[in-house]
Amino acid sequence: ASILSSSTITRSSMISAHLQTCSSSVDGSTELKEDGMPHNVHALSQIIHQRTGGNPFFIHQYLHTLVEQQLLTYDERRMRWRWDVGTIRSNSMETTTIIDLMIKKLQASKHAKFILPIAACLGTSFSRKTVSSVIRALCIHSDHARFVQLILQIEDKNNAQSFRINQLNIPDAFRKCWEEGFILPAGKIYNNSNHKDNHSNSKEAFSGTSAQGIPSPPPSPFAHSPKSAKRKRHSRTSDIYCFAHDKVQEAALALITHDQLSELRYRVGEVLISVLDEDELDAKMFTVASLLNTRPDLVPSRQAKMERRKRVINLNYRAGIKALELSAFVPALKYLQIAMDLLPPDRWKSERRLSIDVYSAAAECASIIPKMDLMHEYCTTIINLDCPMQDKIRAYHILMDASSVQVTQTPLSDPVNLGFSILSELGCHFPTSSSGRIAKIIMGLMKLKLQSTKWSMSTFANLQLSTNATEKIVHKTMDKLTTELYFARPELLPMSLLKSFRRTLANGISPHSPPVFAAMGLVVGFHLNNFDAAYVLGNTALAMLDRLDTRESESRTMMVVHIFNLPWKQPLVTMKEPLVSAYRSGMATGDVESALFALLYSFVLAFLTGENVDMLERRASSMYKTTCDHQKDNMETLSAAYWQLTLNLKNASDHTCQLSGEVFDETCHNMDKP
């Protein structure tokens, strides 16, 4: 098929704009006499709607095909379009999909059939610079060049003027693809609201030539008309392009067989990982990793090329970590498993650090999904290594965090015993007998009561930040142990808190020290009745957060401080906003438990400080929805009770002296435990 003349393209674009409107309302009768449109345009619009589904892009492509096949012609003498409905209806196009149609168009364009399959490997959008770099790299490497010429059928042996890769003018090829309507500058993708006579806004659009003498792309119902000369110049010089429609990208990839396509994608990925700098590679990390992962069997395995293999492993590891940070856990695990498979057989000897990092990250993903068998397999592999405890600690912590959802009971599935065992290996010892633990707690509390009477705001001001890596690991492990004790063995909680508190005083502040000081404030306030000391510890915990500049334990620290420490000496009304901040921080960092506790107590404080009942009811209903969304049963029950309380206060219940109504019924719930 030959490329249409500018005037024919313009006219077919005009009829396309008219027929898009007609095809979107085929049930009503249409009679268009203006602009040379015959009376039977409605019959044509019905056929077009039947074969394109009313999609504007498909309509445009279908009309161009009718013009190319001379089933739709323009009568110059009568200045009107002519067609035969019966011929069009019986044409074989009825059984042709839009993909087949696009494939034929791409095959007819020597520029599109070479440029677009490579661009399609990069995604829905791509830069001319990146495509050019890939093509040049493919041309330089003889093996790549032969492969690309073979699969894209670049050479035509029946043509004396064979078209070769190294003869391709890439900027010109991009311009041709743009003119043929296959690609658009980024941001110019067709929008259904923009099909209204775009061709009528500029005479230049009809001429086919810009003011600078450069051929302009044909007007199209899926291209925006520029609103200013500045925008037009920008669109011409933009380096970022996108496919005019996802079917164009699909057709570009369909030009190649499945097996050849996977190899082409791998080769494009291999080029990108070589030519992109670190910043560019970081921005295109998922794209490049996905391209390389189409054929992991092609990743070099020979010792001479081991560096190239290591780059692919590192890229998949980084992609897995980034996906994990974005909470895309399933793709993250896939990237990490590919990195794992690509590690050398002697991985624990030649690439120990990288292997531990990959296995640890994969175990974390598996525990979240959850795939507990995989998580246990990866963690056990690391734990069984003959290496320092510091290298195994992440695997141990993953096991502690996941122990509550493990079905199979193993020596590693009890988080409390596991925590004590880890700390013992790190040199932090606890009594093993029940009597020894009770004695330790009593002695610790007695000593704490005597010391706390001397504390002031300056007592802990000179504590230094800890620089000891092992000490930070100890504090992190004790923090996890403290959480497990709170739920499973609360009678041992003071022992863990006292140990963490003493180690902070002796060895310096770690990122897990603020919640320890906040919790100690709860102990000395509620159990030792020293409210001044509780206030000091609460303010010290907040000051530590500022010094550490970390959000890891921010929500939990702020929640405990503003519920149990500061209210002894500050008005309750001043606690509400900090608790809302604690809620936001927890939701942002994943500490949902602390966030929801802060939200619940912010409501309690609003109630106690006399907030308007209508505002309380809005708070309660929003809080109930939030707790339901996160499937926290106990908190959901409490928030429902609070919501019913506000409804009772508004006389919106038949039993205002009981928590029974449309939201909550106290006779159906056990409220003894929060």
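Which of the following residues is closer than 21 Å to Ser424 by Cα, touching a residue at least 12 places away in the same chain (Cβ under 8 Å) and part of a helix (DSSP H, G or I): Met495, Met520? Steps first, please.
Working: Met520 fails: closer than 21 Å to Ser424 by Cα.
From the options Met495, Met520, the qualifying one is Met495.
Return the total of residues in the stretch 256-270 being among the charged types (D, E, K, R) and open to solvent by less than 20 Å² (accessible area, probe 1.4 Å).
First pass over the stretch 256-270, keeping only residues among the charged types (D, E, K, R): 259, 263, 265, 267, 270.
Add one more test, that the residue is open to solvent by less than 20 Å² (accessible area, probe 1.4 Å), and what stays is none.
Of the residues in that region, 0 qualify.
Return only the number of the condition from (1) among the hydrophobic types (A, V, I, L, M, F, W, C); (2) surrounded by 19 or more Cβ atoms within 10 Å (Cβ to Cβ); (3) part of a helix (DSSP H, G or I); (4) in contact (Cβ under 8 Å) with a residue 24 or more places away in the chain that Leu505 does not satisfy.
Of (1) among the hydrophobic types (A, V, I, L, M, F, W, C); (2) surrounded by 19 or more Cβ atoms within 10 Å (Cβ to Cβ); (3) part of a helix (DSSP H, G or I); (4) in contact (Cβ under 8 Å) with a residue 24 or more places away in the chain, only one is false for Leu505: (2).
Which one of the conditions (1) crowded, with 18+ Cβ neighbours inside 10 Å; (2) within 38 Å of the chain's Cα centre (by Cα) does Leu645 fail to meet, given that it meets all the rest?
Of everything listed in (1) crowded, with 18+ Cβ neighbours inside 10 Å; (2) within 38 Å of the chain's Cα centre (by Cα), Leu645 misses just condition (2).
The values are calculated or read from the model by the stated rules, or taken from the named source; none is laboratory data. Given the structure is predicted, the values throughout are model-derived calculations rather than measurements. Cβ coordinates were reconstructed from backbone atoms using ideal geometry, including for glycine residues, and neighbour counts include every protein chain displayed. Keep in mind that these areas ignore ligands, DNA and RNA; they rest on the heavy atoms of the full protein, side chains included. Shrake-Rupley method; radii C 1.70, N 1.55, O 1.52, S 1.80 Å.
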